[in-house]
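S.K.: Got a structure here, written out as structure tokens. Questions coming.
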Amino acid sequence: MLISIDFESDVPLYTQLKSQIVQGIASGRLKPGEPLPSVRQMAVDLGINMHTVNKTYALLKNEGYTVIHKRRGVMIASLEQMKESGFGTRLEQSLRPLAAEAICKGVGRENFTDLCTRVYRQMKGGKSNA
Amino acid sequence: MHDWMLKLLTFLPSWGVVFLLGLFMPRLVREDILFGVRIPQDRLKSPSAAGLRGLYTRCYLAFSIPVSVFMAWHIFDTENIFWFSLGFFFLLLGQGVLYIWIHKKARRLKESEKWLEGKIQSTVVETSFRKNAGPVSGWWYLIPLVIVFANMAFSIWNYASLGSMLPVHFNAAGEADRWVDKSFLNVFLLCLTQIVLTAMMFFVHWMIGASKQELNPADPEASVARVIRFRRTWSVYLLFLNIFLLLLTSYFHWKALGFIRTSSSLSIGLTTAWMVLLFGSLLYLVFALGQGGSRLRIGSGADTGRVNRDDDRFWKWGMFYYNPDDPAMFVEKRFGIGWTNNFANPKANLMLVFLILAIVALTLIVPK
């Protein structure tokens, strides 16, 4: 999968890298069981500090997106392994500021939910415009 | 076979490669590099960029043609190699000075015309790159190793039967004109040379695999394909080069030791064929591939409008890469074909020093 990192962005590099990989999994461009480059290799290719990549990989592992295989290194976890019962609460928390901003900016409820549906469908359909 | 013909055969190809590479290098580099400066690829065809290329070509021809004539004159004129070498030195020096001058102009041009304004700068990587884009398997280097050790075993086997003097230099007629005492070092010097040569080739092979994947965000898919082809082709070429060179040097070694007796015309023929093959294939690959596969016709020529991260500040004169925050040991050259060090990486620098020491040590112990 192609990963694109924007160095001018306000979003930290490790967050960009993480969300790109998660989007890759959601859109099916990264398949379960597919290996990811080693921390070192990823840092070399991106030209960034290894600590940054380490941080991303630690987050991915803790949140169940990846598993460490003894011989093959970092791999995308199975979709079964990614499931998490308490995720609904976290999702709600992440949505709160977005909903608040939407209300302030005058985005209607219907518009808001339509947008959510569209983004969700696009992602599942293999399209993600990062 | 006259001596000047032999000289011409030795020097013409190397002069040709240096001259042609210098002349055409601005057109062989990556599609988003202008004289070592990172630019949006659509600016490469702009009138101001074309103007710089024109200026480079005119200045290049203005100094390199007189220097080349001077060199040609001295190759026919005298037996002395000094003036020819001096010409070579000035040819390279002139290329360097001219390049740096134009590089600075390109930098100012990018600045004053605000080429990066409104462009999204990004770095793109392919996660499955190493799986597909590595060089050929390192196991292929068993072939050169077998040749080296066969050569060594053969020399050991026949050591006792050698005469007390060994020929080390042959004149144009193929008769030995310089001899050294038989010694263990002199007999096995070639084996040693071959080992160092193979080690160097394997190092470059490994370097190709270890170097940073550099993709063009303007058309990432096509860029992946180009870079893969570029790396594969050079690593296969390197392996063949290694094998051919070992076979050729083994032939001369065996001939010097008297294991095989062949006519001198065969030796000259082999050398000529080798020269033509080496420089011909080298030039062909350089022009067919370009740096990073930039000359390969792959993809639809799409342009997402995205540009590579502006990394000019890490490149001194667009020639030397120094970036302490980058864990990469090796990156693609900006104005040239091949790879170069990240000079902020001590490990990479150490390897370069070792490589240079190995070459120097080898030239010192070879009997003159």
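S.K.: I'd like the accessible area for residue B:185: 1.4 Å probe, protein heavy atoms, all chains in place, Å² to the nearest 10.
M.R.: 100
S.K.: Restricting to lysine pairs 8 or more places apart or on different chains, what number in chain A have Cα atoms under 17 Å apart?
M.R.: Going through chain A pair by pair, I get 10.
S.K.: Here's a follow-up. Average the reciprocal distances over every distinct pair of alpha-carbons in chain B, invert the result, and give the Kirkwood radius in Å.
M.R.: Taking every pair of different Cα atoms in chain B, averaging 1/r and inverting gives 23.2 Å.
S.K.: For A:63, B:332, B:221, what's the largest-to-smallest order of accessible area, 1.4 Å probe?
M.R.: Largest accessible area first, the residues go B:221, A:63, B:332.
S.K.: Then there is this: Can you work out the base-10 log of I(q)/I(0) for region B:148-249 at q = 0.12, 0.21 1/Å, using the Debye formula on its C-alpha atoms alone?
M.R.: Each listed q maps to, in turn, -0.60, -1.11.
S.K.: Based on the alpha carbons, how large is the Rg to Rh ratio for the protein assembly as shown when Rh follows Kirkwood?
M.R.: Ratio of gyration radius to Kirkwood radius: 1.07.
S.K.: Ignoring ligands, DNA and RNA, how do A:114, A:6 rank by accessible area with a 1.4 Å probe, largest first?
M.R.: Solvent-accessible surface, decreasing: A:114, A:6.
S.K.: Rounded to the nearest 500, what is the 222 nm mean residue ellipticity of the protein assembly as shown from helices alone, with -39500 (n - 2.57) per DSSP H run of 4+ residues and division by all residues?
M.R.: -20000 deg cm²/dmol
S.K.: If you don't mind, there's one more thing I want to ask. Taking the Cα centre of the protein assembly as shown as the origin, how large is its charge dipole in debye, to the nearest 20, when only Lys and Arg (+1) and Asp and Glu (-1) carry charge on their Cβ atoms?
M.R.: Result for the protein assembly as shown is approximately 740 debye, rounded to the nearest 20.
S.K.: Oh, and also: Which order do you get for B:15, B:317, B:179, B:115 if you rank them by accessible area with a 1.4 Å probe, largest at the top?
M.R.: B:179, B:317, B:15, B:115
S.K.: Here is a further query. When Lys and Arg each count +1 and Asp and Glu each count -1, what net charge do the other residues less than 10 Å away from residue A:90, Cβ to Cβ, add up to?
M.R.: Overall, the nearby charge balance is -3.
S.K.: What number, in percent, do you get for the relative contact order of region B:1-144 if the mean sequence gap of Cα pairs under 8 Å and at least 6 apart is divided by its residue count?
M.R.: The value is 25 percent.
S.K.: What angle do you read, to the nearest 10 degrees and between 0 and 90, between the alpha-carbon axis of helix A:109-124 and the longest principal axis of chain A?
M.R.: Roughly 30 degrees, rounded to the nearest 10.
S.K.: Sticking with this structure for a sec: Please tell me the relative contact order of chain B in percent, rounded to the nearest whole number, where contacts are Cα pairs under 8 Å and at least six residues apart.
M.R.: 24
S.K.: Provide the percentage of antiparallel DSSP beta bridges, counting only those with both residues in chain B; round to the nearest 5.
M.R.: 80
S.K.: Taking only Cα atoms and a 10 Å spring cutoff, compute GNM fluctuations for chain B and point out the largest among B:344, B:288, B:150.
M.R.: Highest fluctuation of the listed residues: B:150.
S.K.: Sticking with this structure for a sec: Relative contact order, percent, of region A:13-82 when contacts are C-alpha pairs under 8 Å separated by at least 6 residues?
M.R.: Relative contact order for region A:13-82 comes out at 38 percent.
S.K.: What are the equivalent ellipsoid semi-axes of region A:13-82, built from the alpha-carbon gyration tensor (square roots of five times its eigenvalues), in whole angstrom, biggest first?
M.R.: Values for region A:13-82, descending: 18, 13, 11 Å.
S.K.: Follow-up. What net charge do the residues around residue B:46 carry, taking every other residue with its C-beta under 12 Å from that of residue B:46, with Lys and Arg at +1 and Asp and Glu at -1?
M.R.: Taking every Cβ under 12 Å from that of residue B:46, the sum is +2.
S.K.: Among A:21, A:50, A:81, whose Cα lies farthest out toward the positive end of the dipole of region A:13-82, if unit charges sit on the beta carbon of Lys, Arg (+1) and Asp, Glu (-1)?
M.R.: A:50
S.K.: Got a sec to turn the phi values of region B:58-67 into Karplus ³J(HN,Hα) couplings, 6.51 cos²θ - 1.76 cosθ + 1.60 with θ = phi - 60°, whole Hz, x for Gly and Pro?
M.R.: 4, 5, 4, 5, 4, 9, 7, 5, x, 4
S.K.: Given a 1.4 angstrom probe, I'd like the percentage of the accessible area of region A:13-82 that is carbon and sulfur, rounded to a whole number.
M.R.: 56
S.K.: Using alpha-carbon positions, what is the distance between the centroids of region B:233-248 and region A:9-54, in Å?
M.R.: Value for the Cα centre distance between the two parts: 37 Å.
S.K.: What accessible area per residue comes out for chain B, rounded to a whole number of Å², with a 1.4 Å probe?
M.R.: 50
S.K.: Could I ask something else about it? Using a 1.4 Å probe on protein heavy atoms only, how many Å² of accessible area do A and B hide from each other, summed over both chains and rounded to 100?
M.R.: 2000
S.K.: Here's another thing I want to ask about it. Leaving out same-chain residues fewer than 8 places away, which lysines sit with a Cα under 28 Å from that of residue B:255?
M.R.: Hits, sequence-local ones excluded: B:7, B:182, B:368.
S.K.: Which residues make up the longest stretch of chain A clear of trypsin sites (Lys or Arg not before Pro) that lie in a DSSP loop with no more than 13 other Cβ atoms within 10 Å, not counting the sites?
M.R.: Answer from the scan: A:1-69.
S.K.: Lysines within cross-link reach of residue B:45: Cα-Cα under 25 Å, excluding same-chain residues under 8 positions apart?
M.R.: B:104, B:105, B:110, B:114, B:119, B:316, B:333
S.K.: Determine ³J(HN,Hα), in whole Hz, for all residues of region A:50-63 in sequence, where each value follows from phi through the Karplus function 6.51 cos²θ - 1.76 cosθ + 1.60 and θ = phi - 60°; x replaces Gly and Pro.
M.R.: Residue by residue, region A:50-63 yields 5, 4, 4, 5, 4, 4, 4, 5, 5, 4, 4, 5, 4, 8 Hz.
The values are calculated or read from the model by the stated rules, or taken from the named source; none is laboratory data. Keep in mind that what you see is a predicted model, and the values were worked out from it rather than measured. So basically every Cβ, Gly included, is an ideal-geometry build from the backbone, and we count neighbours across all protein chains shown. Protein only, heavy atoms only, side chains kept; ligands, DNA and RNA dropped before computing areas. Shrake-Rupley method; radii C 1.70, N 1.55, O 1.52, S 1.80 Å.
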